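We did not get these values from a lab; they are worked out from the coordinates using the rules stated. Treat the numbers as computed from the prediction; the structure is a model and nothing was measured. With ideal geometry, Cβ positions are generated from the backbone for all residues, glycine too; neighbour counts draw on all protein chains shown.
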Amino acid sequence: MKWILSYLCAGRQREHDGDTGGRAGEAVPARGDGKRMSVKSFIARHLRPQRPAPQLPPIEEALAPLAEPFRGVLLSMYAAGSMLGSDGRHHPVDTVTRITPTQGMRFFELCCSMKADATLEVGFAYGFSTMYFLAAAAANGVGHHTAIDPFEESDWHGIGLVNVRATGLQSSFRYVNDCSVHAATDLARQKSAFDVIFIDGNHRLDDVLVDFYLCAPLCRIGGLVIFDDMWMSSIQTVVSFVRSNRHDFVEEAVGDARISVFRRTGEDLRRWDDFQPFAVAGNGRAGR
Ligand SMILES: C[S@@+](CC[C@H](N)C(=O)[O-])C[C@H]1O[C@@H](n2cnc3c(N)ncnc32)[C@H](O)[C@@H]1O
């Protein structure tokens, strides 16, 4: 202990003197290469408790419960720098436009535990989230997934469609090439109903609020509406509105800060003039 104290005092004196390099002959332990350590690096190396680096579960491990071909297709999707489009060419992919394996496995588990037989998502892109819904349909032996996206061919080169084809489960999948407002209205006219609805389309506040407004009646009572990207103020604000105003939806704890999950518990029985104030993100109050 004594040598540590004398070393630290010597170091402080050197810092005070403006000399951080250390001088020969003092209590500074020499490194193998003959150079001397600074006080900071000595403390970092020897005195601070060693914190293990946070370990994220490897993708392979996270996806282990999935059956083939979903596991294999997803692993190659997560690893890919480019993916095959419906034009037969490979296109570079951006690695932001996808949900994480942990999120996806949450969707898979929810769909399996509910034995969901109809699922819907707004925002298809490369088809990452779609894979988990289809994997659940295959595991349940029942289920059909619908994905809405007006930009699948133009912006995403049909990559999501190619990925769905790779699973061989096209018969359990429907792609709607339209904006969510039109597609959701059509689905309501067709009296469609879904057990799980994932809202991950345009992320502006008004788009997300309208997506929720139009998707809410499509959700079966007992079913779930899931919002992605809770780090965004727009999504936090919509979720804040739902919490405060939509008593026909009850929030479920899912242990993942990136998503918010609401279960539909009944009809929307608000009076025509009902309004409950809600927090708007950006003032620091609408977060989780
Ligand atoms: C974040 S990406 C979806 C990622 C996908 N859910 C996944 O995890 O693999 C958002 C998608 O929303 C689509 N989008 C944008 N505006 C839309 C709209 N009005 N209706 C439906 N989809 C829309 C975009 O083309 C894009 O593919």
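For region 73-180, give the share of DSSP beta bridges that are antiparallel, in percent and rounded to the nearest 5; count only bridges with both residues there. If you can, show how the numbers build up before the last one.
Details: 3 of 12 bridges.
The antiparallel fraction comes to roughly 25 percent.
Let me understand region 67-264 better: what is its radius of gyration from the alpha carbons, and its Dmax, in angstrom?
My reading of the Cα-based Rg and Dmax gives 15.7, 48 Å.
Quick check on the exposure proxy: order CYS111, CYS179 from fewest to most C-beta atoms within 10 angstrom.
Details: CYS111 25, CYS179 17.
In increasing order of surrounding Cβ atoms, one gets CYS179, CYS111.
Which cross-chain or sequence-distant (5 or more) residues have an amide H under 5 Å from the amide H of GLY127, H modelled 1.01 Å from N in plane?
Residues meeting the criterion, in which the H sits 1.01 Å from N, do not exist here.
How would you rank ASP178, ASP248, ASP149, going from fewest to most other Cβ atoms within 10 Å of each one's own Cβ?
Numbers: ASP178 14, ASP248 19, ASP149 26.
Sorted ascending by nearby Cβ count, the order is ASP178, ASP248, ASP149.
Per the Debye formula with a single identical scatterer at each Cα and no solvent contribution, what log10 I(q)/I(0) holds for region 116-231 at q = 0.11, 0.13, 0.17, 0.23 Å⁻¹?
Calculated log10 I(q)/I(0) at the listed q: -0.31, -0.44, -0.78, -1.42.
Out of the DSSP beta bridges found with both residues in region 67-264, what percent are antiparallel (nearest 5)? Display every interim value, and only then the final one.
Working: 11 of 29 bridges.
About 40 percent, rounded to the nearest 5.
What number, in percent, do you get for the relative contact order of region 202-288 if the mean sequence gap of Cα pairs under 8 Å and at least 6 apart is divided by its residue count?
Working: 125 pairs, mean separation 28.3, N = 87.
The value is 33 percent.
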